[in-house]
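The values are calculated or read from the model by the stated rules, or taken from the named source; none is laboratory data. Computed from a predicted structure; not experimentally measured. So basically every Cβ, Gly included, is an ideal-geometry build from the backbone, and we count neighbours across all protein chains shown. Note: accessible area is taken over every heavy atom of the protein model, side chains too, but ligands, DNA and RNA are not part of it. Shrake-Rupley method; radii C 1.70, N 1.55, O 1.52, S 1.80 Å.
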Amino acid sequence: EDFALNINSDKFEFNNVNIKQNKADILSLEKLDIKTFVFNLDRQNIKFDDIDFNSLKTNMILNKNGINFANLIKKEKTAVKDTKVQDTKVEDTKNESKPWKINLSNLKINNSDFIFSDKVNNTIAQTKAFNINLNSLNVDGSNIDLSNLDFVNPKLSFNDKKNKIDISAKNTKINLDKLTFKEGILDINKIDVSKDNLTLNDKESNFNLLSKEIDISINALKIADNKTSIDSITVKTPNLDFDDAKAKMKVQTSNINLKLDTFVMNDSDISLKDIKLA
């Protein structure tokens with residue numbers, strides 16, 4: 001009736017992993033190193049500490065058959081048999097519904113690439129040579145606690161061939177401080193985003209946007225049901241160039257400082273306490 005299984009490891013390492021599908025590389029990994037790994041079945045607890053991913057290259061493709069990673073293993077079709085459903089004890093149901101607890105700490109992903117090709121909508125998004133540092137992540141069933149995530153990406157690009165839109169960004173830095181998701185409510189203490197260069201080119205509308213050295217800070221973001229609230233949003237960008245050839249309009253700005261206080265969006269209703277633009 002009771003089965004206890006405990007696995008502990010002080011060294012867990014993979015080297016030179018390569019996954020191919022239809023003779024094409026879809027995932028490769030130079031090295032995965034986990035210093036501490038703990039698995040406890042009866043307590044339903046998994047713990048990872050000091051996790052290092054080095055040179056993780058991922059090529060994800062979405063087509064009419066779905067995402068390529070979901071189709072790695074072919075499922076054999078089996079005949080459906082009629083079976084009688086037996087009554088189960090309440091105690092067994094409680095045991096089955098017991099949530100798993102997953103703890104991650106000191107996660108690092110270095111020098112990695114990610115490509116997502118959407119063959120259905122004819123778009124492609126890719127990020128190259130990015131690094132991620134995660135202090136801690138705790139998952140208890142559907143509840144999530146995250147502490148301090150840093151994302152550094154030298155190059156990000158998005159190409160929409162269908163609508164002829166190109167977006168590119170250089171040296172993107174994202175810092176996320178304290179995220180919690182509990183009982184369907186998302187709370188984020190602070191998000192900081194900075195980019196050296198952001199370019200948007202809409203060939204269909206003959207429209208160009210260039211911005212340099214953007215700094216965005218979002219404080220106290222909360223999403224519950226259909227209500228979204230933000231304590232404050234600050235946007236700083238020393239340089240912004242806008243060129244709309246179709247409307248024959250050009251705008252150039254420098255040293256912009258924008259601050260929004262107490263932003264609330266409830267369904268279709270939006271309220272804002274204060275806006276300051278310098």
Scoring the stretch 141-254 by relative contact order with C-alpha pairs under 8 Å, at least six apart, yields a percentage of 20
Within the stretch 155-198, DSSP-loop trypsin sites (Lys or Arg not before Pro) with at most 15 other C-beta atoms within 10 Å are Lys161, Lys162, Lys164
The size of the Cβ-based charge dipole (Lys, Arg +1; Asp, Glu -1) of the chain about the Cα centre, to the nearest 20 debye, is 1080
Extend 7 Å from the Cα of Ile275 along its Cα-to-C-beta direction; within the stretch 230-245, residues with backbone N under 15 Å of that point are 233-235
For Lys128, the aspartates and glutamates lying under 17 Å Cα to Cα, once residues fewer than eight places off in the same chain are dropped, come out as Asp25, Glu30, Asp113, Asp150, Asp166, Asp196
For Ser142, the net charge from surrounding residues (Cβ-Cβ under 10 Å; K, R +1; D, E -1) works out to -1
In this structure, the FRET efficiency calculated for Asp261 and Leu41 from their beta-carbon separation, with R0 = 45 Å, to the nearest 0.05, is 0.35
Surrounding charge for Lys57, neighbours by C-beta under 15 angstrom, Lys/Arg +1, Asp/Glu -1, total +1
Exposed-loop cut sites defined as GluC sites (Glu not before Pro) in DSSP loop states with at most 12 other Cβ within 10 angstrom; longest site-free run of the chain spans 77-182
Dividing the mean separation of Cα pairs under 8 Å (6+ apart) by the residue count of the stretch 233-278 yields a relative contact order in percent of 33
In Å³ per residue, the alpha-carbon convex hull of the stretch 97-160 encloses 115
With a ≥ b ≥ c from the Cα gyration tensor eigenvalues, square-rooted, and the rule rounded for a/c under 1.5, otherwise prolate when a/b > b/c and oblate otherwise, the chain is prolate
Rounded to the nearest Å, the spacing of the alpha-carbon centers of the stretch 1-29 and the stretch 206-263 is 42
For Ile223 and Asn111, extending 7 Å from Cα along the Cα-Cβ vector and measuring point to point gives, in nm, a value of 3.5
XL table Lys57/Lys119; Lys20/Lys164; Lys20/Lys161; Cα-Cα > 21 Å flagged, in table order, is Lys20/Lys164; Lys20/Lys161
Relative contact order as a percentage, the chain, C-alpha pairs under 8 Å and 6+ apart, gives 9
With all protein chains in place and a 1.4 Å probe, Ile230 shows an accessible area in Å² (nearest 10) of 20
The answer for the net charge of residues other than Ala4 whose Cβ lies under 14 angstrom from its Cβ, with Lys and Arg +1 and Asp and Glu -1, is -2
In the stretch 215-278, the trypsin sites (Lys or Arg not before Pro) that sit in a DSSP loop and have at most 12 other Cβ atoms within 10 Å of their own Cβ are Lys246, Lys248
Between the modelled labels at Ile216 and Asn8 (7 Å from Cα along Cα→Cβ) the distance in nm is 4.6
